[in-house]
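To keep things clear, I will list the structure first and then write my remarks on it.
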């Protein structure tokens, strides 16, 4: 038996994989050759310097011992005398190498099994790469999935072709996740996990999830008529969204809230009751910061442009509202505007002025 593999079906399978899956035939053959070499060494414990060459047309796999041409053979595994070498290649010279074909018992069976395993493995890898590319292109989008597992640290979602992984830091703290529940999430990233299997990292807690929900629910945002300038969020409790339109005939806040609050309510429902303040972005930082602190009413603002610092004065009865519970309102306003905001009541401000005067 001169050929370890002579399989027309194998060649046809390699051709089909190249056409249908885009896996290069040369790459597959090279992978099979490498796997066959490993299989031979594992099964035959050979001391020779060997190589495997597959015929691209017939699928025949040939096993060769690579031997150096010498005058006197000292190691028959690695050397061959010139007379025998010339039977293989008439032009060979001393010091060169020749490939001596070998046909070990059972190598044909091993070769056929190995070729099949390599094809299956490469096909799986190609399918994983296709799925990876597909989901990688969906970074920044919203996906829906069924919860397969939910514990204190991680939520695993069935997204159809892939698993979605939602780590604890990407979960909304106020939500309880249950197996078989259908939920939406924002695609943060796509990574290759164990054995190269792609995994989708999903978030419900990031500000961009709110941004995408607005795009989904409000056509004017999706169409670009209204622009979301900034989003700040305390996931599960409150979000602030700054919107703007260059079209003077469009009320960006009213469009987002919708008639009788229908549009914003759909987003609130998806977030299980998280409060959302929609404010109008303004190029004037003082007006923008005042809006960001809603529902509190601002009496005066002193802006320091270079430091991006705003000293805000509110009436005494508005102070707690402006700061918010545990400082939430002020913190979200600062994140939204990207300004440092210091809030004082009128009484506090008068005391500061009085102290400065005394000094």
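Where a number appears in this text, it was derived from the coordinates with a stated rule and is not lab data. Worth saying up front: this structure is predicted, and the values here are computed from it rather than measured. For neighbour counting, all protein chains shown are included, and Cβ atoms are generated from backbone atoms with ideal geometry for every residue, glycine included.
Can we say residue 120 is surrounded by fewer than 16 Cβ atoms within 10 Å (Cβ to Cβ) and either out of contact with any strand residue (DSSP E or B) (no Cβ under 7 Å at 6 or more places or on another chain) or not in a loop (DSSP other than H, G, I, E, B) (or both)? So residue 120 fits the description; yes. Scanning the range 137-173 for residues that are touching a strand residue (DSSP E or B) at 6+ places or on another chain (Cβ under 7 Å), exposed (fewer than 15 other Cβ atoms within 10 Å of the Cβ) and part of a helix (DSSP H, G or I) gives a single hit, 168.
Residues in the range 335-347 that are outside any strand (DSSP E or B) and touching a helix residue (DSSP H, G or I) at 6+ places or on another chain (Cβ under 8 Å) were compared, and the one that is surrounded by the fewest Cβ atoms within 10 Å (Cβ to Cβ) is 347. When the residues of the range 178-210 are narrowed to those that are farther than 16 Å from residue 147 by Cβ and in contact (Cβ under 8 Å) with a residue 60 or more places away in the chain, which ends up surrounded by the most Cβ atoms within 10 Å (Cβ to Cβ)? Once the filter is applied, the top-ranked residue is 209. Summed over the range 65-114, residues that are under 19 Å from residue 39 (Cα atoms), outside any helix (DSSP H, G or I) and out of contact with any strand residue (DSSP E or B) (no Cβ under 9 Å at 6 or more places or on another chain) total 2.
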